[in-house]
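Below you'll find the structure, written out as structure tokens, and then a few comments.
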Amino acid sequence: MIKLDLTNIPNKLTKKLQDELTEEYKKNGTAVWNRKFIREAVLGFSHGKCCYSECKLNEESKYMEVDHFLPKNHFPDDVLSWGNLLPSSKKSNTTKGDLNTQTTTIINPLFDDPKEHLYIQNYRFYDKDEIGRRTIDYTALNDRRHFVNKRYEIGTHVVEILEDICINLQKLKNDVTLNHPELTRLLGRFINLLNEATRTEEYSATLSTVILTDCCSKKIIETFKEIDFWDNEIDNLIKELEFCSLIE
């Protein structure tokens, strides 16, 4: 889970249309939020991911549901309120159900910073406070079959790549000739790995946390700086990963 920025309300969703569709829902129970332009706009501000678990929702095997953060059964007037609609996986949305988030507070990633309430360790979420604990429980963040196994799979793959880069970098460091083409190749691999953990990518909170806390990653950064083979692009990427990461 990462902090999200709420985009502007779609131009098509005028106040008049909002009112008409809200009344339609209250009268007939119609899923008025499932209009294509609304779903696309909602999915857009989460970079195509579930706002809770960060699994990609634009794959054939995944199905996006529009979550009403304030549940529609309790707050029918907010059924189309912009900022109350969140893109969610079926698992997270089903687990959350009709939870009254006004009385039982959980993280709303549009307005709350997950860093204040959660951290990741060994591919699982842990709470820093009661809000974090409830968020984990009510959005199924630690469901092994749906989320933890996938986080473990991609996280361990990243660790293996970091180890390989680190080993080869140390070999080059001890070579007085400093083979620059090979250094460039290793730096490129490291940059590619950092790019895979930015906010637009699947499970970015997990991957950024893994990279920033991994001992090989720290050694790679230290070595590139030591041999003066650093790049400003990496500084910017590190800042991006610091934004996404959930470190204790």
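The values are calculated or read from the model by the stated rules, or taken from the named source; none is laboratory data. All values derive from a computational prediction rather than experimental measurement. Here the Cβ positions follow ideal geometry from the backbone for every residue, glycine too, while neighbour counts run over all protein chains shown.
Table for the structure above
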{"item": "Test: residue in region 21-36 that is closer than 30 Å to R151 by Cβ and of a type in the set (D, E, K, R)", "result": "no"}
{"item": "Count - residues of region 198-239 that are more than 19 Å from R151 (Cα to Cα) and acidic (D, E)", "result": "6"}
{"item": "Qualifying positions in region 199-228 - outside any helix (DSSP H, G or I), hydroxyl-bearing (S, T, Y) and crowded, with 17+ Cβ neighbours inside 10 Å", "result": "Y203"}
{"item": "Qualifying residue in region 158-175 (condition: under 15 Å from the mean Cα position of the chain (by Cα) and not assigned by TED's automatic domain parsing to the domain that holds T101)", "result": "no"}
{"item": "Of the criteria (1) over 30 Å from L57 (Cα atoms); (2) in a helix (DSSP H, G or I), which one E233 fails", "result": "(1)"}
{"item": "Residue check, R189 modelled with pLDDT of 90 or more, of a type in the set (K, R), assigned to a loop (DSSP other than H, G, I, E, B) and surrounded by 13 or more Cβ atoms within 10 Å (Cβ to Cβ)", "result": "no"}
